[in-house]
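Chemist: Got a structure here, written out as C-alpha cells. Questions coming.
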Amino acid sequence: MTSTDIKITKASSSKIHQVNFDNLGFGQVFSDHMMVVDYQNGKWGEAEIVPYGNLSVAPSLTTLHYAQTIFEGLKAFRQADGSVAVYRPEKHAARFNISAERLCMPDFPEELFVEGVKQLLSIDSEWVPSQKGTSLYIRPFMFATDEFLGVRPSRAYKFLIITSPAGSYYEGGVKVIVEDKYVRASEGGTGFTKTGGNYAASLYPAVKALEKGYHQILWTDSKEHKYVEEIGTMNVMFQIGDKLVTPELNSSLLAGVTRASVIELAKHWNIPIEERKLSIDEIVEAHEKGILKDAFGTGTAATITHIETLNYKGKDYHLPPIEERQLSKKFHNYLSKLKVGEAEDELKWMTSI
Ligand SMILES: Cc1ncc(COP(=O)(O)O)c(C=O)c1O
C-alpha cells in the first residue's frame, strides 16, 4: 500500500436524480460519496471513499466545545470538452496544513489531499454541473475527535472531503460596509487560518451589516480600525490610478488562492501591483480625487466580485460603474474561461481528472 492508496466502497444507488440542477444554490445538496481518514496513535490510518452519510459523535467530542477544526474550499469545473478539472488543489492542500499547524493539528499528507479530491471527483463526476457559472464545490475538513472536556490539543482527528454542486453566482456588484467596531480576527490570532471560530466570530457583525442593507463587511485592523484587511470570504483589491493595491498578508487575514492568482497574473501581464498596508482614508481620498478606478473582492466563491458601494462612517461612496472597470473584468474573464477550459492554462493551474 502506498501513501495515496484509497479503499473504495460505492453507494448502492445514486441520489443524483433527486437533485434539481437548475436551482442548486450553494452548499445544500451533497454528492454520493465522501472521503474519510482517521488519525490515531500519532498516525493517519487508511483513506476510504464511502457513501456520503451521517457521522456519529460523542456529546463530549472536544470539537463541539472548543472548536479545534479547520477546512478548505475549492472548486471543480465541467470543461468545454466535457471532462472535469480542479482549480489549484495543491495550493489548497498547502494552506490546509498552515491552518493545521496553528490549530495544533497533525499535517495531512498533501499528495493524499489532492489524490482524494481526484478519486472522489472521478467517482462522482456526474455531479459536476455544466450550466454556465456552476461548479462542484469541494470541502475538505478536519476536526478533533477526542472525547474529553479538558482544554488541550486532541490526540485523535478525522479528515473528510465532501462535495456539493453549486449554482451560478450572482455577477452584479455588492454593497460593503467598513467595520469600525467589531473584529473577526486580530494580529497574533487565527485570522490567517480557515478555522471554524473565525467564521463564528464574523456572524454577529455580518447580521448587523445585513440589517443596515449591506451584503458584506470590509474588515479593518483590530488595533486602530484604520487599515483594510478583507471582506467576508474574499480578499480585497483596489485600483488607485494605474496601480492595483491589496492589503499585505499578516496573521489576521487569509492568504486567498484567488488573491495569489490575481497577483501572479498581474505580474505575468505587467500590471503594477502593490501588497502593502492600505488605509480606508487613502481609499476614500482616492475616490474623492476620481482616481479610484476599481474595487473588488477575490475568492473561490465568485472569483471576482465588484464592490459597487462602500459605506464608511455612515456615508455611502458610489464607486465607478461596473461597465468601466477594465482591470477586474480582465482578471474575471481570464479566470472564468481558464476554469472551464476555454483559455490557455499558461501558468498550469488546472488539474484534470
Ligand atoms: C476569510 C476569507 N478570506 C478570503 C477568502 C478567499 O480565499 P480563496 O481565494 O482561497 O477562496 C476566503 C475563502 O476561502 C475566506 O474565507
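Only the coordinates and a few stated rules stand behind these numbers; no lab work does. Note that this is a predicted model, so its numbers are computed, not measured. A quick note on method: Cβ atoms are made from the backbone with ideal geometry, for glycine too, and the neighbour counts reach across all protein chains shown.
Chemist: Between Asp81 and Asn333, what is the label-to-label distance in nm when each label sits 7 Å out along the Cα-to-Cβ direction?
Modeler: My value for the distance between the label points is 2.5 nm.
Chemist: Could I ask something else about it? Just to be sure I understand: of the beta bridges DSSP finds with both ends in the chain, what percent are antiparallel, rounded to 5?
Modeler: 80 percent
Chemist: Let me ask you something else. For Lys313 and Ser14, FRET efficiency with R0 = 51 Å and r from the beta-carbon atoms, rounded to 0.05?
Modeler: Values: r = 53 Å, r/R0 = 1.04.
Efficiency, from the Cβ-Cβ distance: 0.45.
Chemist: Whole angstrom only: what separates the Cα centroid of region 316-353 from the Cα centroid of region 253-315?
Modeler: With region 316-353 and region 253-315 each reduced to a Cα centre, they are spaced 14 Å.
Chemist: Relative to the longest principal Cα axis of the chain, at what angle does helix 110-123 sit, 0 to 90 degrees, rounded to 10?
Modeler: Around 80 degrees separate the two axes.
Chemist: Simple spin-label model, 7 Å along Cα-to-Cβ: Asn23 to Leu347 in nm?
Modeler: Each label point lies 7 Å from its Cα, and together they span 3.8 nm.
Chemist: Same structure, new question: How big is region 229-294 by the Kirkwood estimate over distinct Cα pairs, in Å?
Modeler: The answer is 12.3 Å.
Chemist: Taking the number of other C-beta atoms within 10 Å as the exposure measure, put His17, His306 in order starting with the fewest.
Modeler: His17, His306
Chemist: Cα extents of region 174-339 along the three principal axes, largest first, in whole Å?
Modeler: 38, 32, 25
Chemist: Let me ask something else about it. So what's the angle, to the nearest 10 degrees on a 0 to 90 scale, between helix 280-289 and the longest Cα principal axis of the chain?
Modeler: It works out to around 50 degrees.
Chemist: For the residues Ser99, Ser83, Ser56, what sequence is obtained by ranking on other C-beta atoms within 10 Å, fewest first? Spell out each step's value before the answer.
Modeler: Numbers: Ser99 21, Ser83 13, Ser56 5.
Ordered from fewest to most neighbouring Cβ atoms within 10 Å, Ser99, Ser83, Ser56 come out as Ser56, Ser83, Ser99.
Chemist: I'd like the distance separating the alpha-carbon centroids of region 150-206 and region 39-53, in whole Å.
Modeler: Between the Cα centres of region 150-206 and region 39-53 lies a distance of 25 Å.
Chemist: In square nanometres and to one decimal, what's the mean projected area of the convex hull around the Cα atoms of region 259-353?
Modeler: Taking the Cα atoms of region 259-353, their convex hull projects to 7.3 nm² on average.
Chemist: Based on a Kirkwood Rh over C-alpha pairs, give the Stokes-Einstein translational diffusion coefficient of region 126-171 at 37 °C and viscosity 0.692 mPa s in µm²/s. Numbers along the way, then the final one.
Modeler: Details: Rh = 13.3 Å.
Estimated diffusion coefficient is 247 µm²/s.
Chemist: Using the structure shown, list the pairs from Lys91/Lys277; Lys226/Lys330; Lys277/Lys330 with a Cα-Cα distance above 28 Å, or answer none. Walk me through the numbers on the way to the answer.
Modeler: On the way: Lys91/Lys277 24 Å; Lys226/Lys330 30 Å; Lys277/Lys330 24 Å.
Flagged as over cut-off: Lys226/Lys330.
Chemist: Right, another one. What does the convex hull of the alpha-carbon atoms of the chain project to on average, in nm²?
Modeler: In nm², the orientation-averaged hull projection of the chain is 18.6.
Chemist: How tilted is helix 89-102 with respect to the longest principal axis of the chain? Cα atoms for both, answer in degrees (0 to 90, nearest 10).
Modeler: Helix 89-102 sits roughly 90 degrees off the main axis of the chain.
Chemist: Moving on to the next point. Could you line up Asp124, Asp5, Asp38 from fewest to most neighbouring Cβ atoms inside 10 Å?
Modeler: Details: Asp124 24, Asp5 10, Asp38 16.
Going from sparsest to densest Cβ surroundings: Asp5, Asp38, Asp124.
Chemist: Suppose the chain between Glu101 and Arg139 were pulled fully straight at 0.36 nm per residue; how much longer would it get relative to their current alpha carbon spacing?
Modeler: 11.8 nm
Chemist: Normalise the Debye intensity by I(0) for region 6-166, one equal point scatterer per Cα, no solvent, then take log10 at q = 0.08, 0.12, 0.19 Å⁻¹ and round to two decimals.
Modeler: For region 6-166 at q = 0.08, 0.12, 0.19 Å⁻¹, log10 I(q)/I(0) is -0.24, -0.54, -1.21.
Chemist: Kindly provide the helix-only [θ] at 222 nm of the chain, computed as the sum of -39,500 (n - 2.57) over DSSP H runs of four or more divided by all residues, to the nearest 500 deg cm²/dmol?
Modeler: The per-residue figure over the chain is -7500 deg cm²/dmol.
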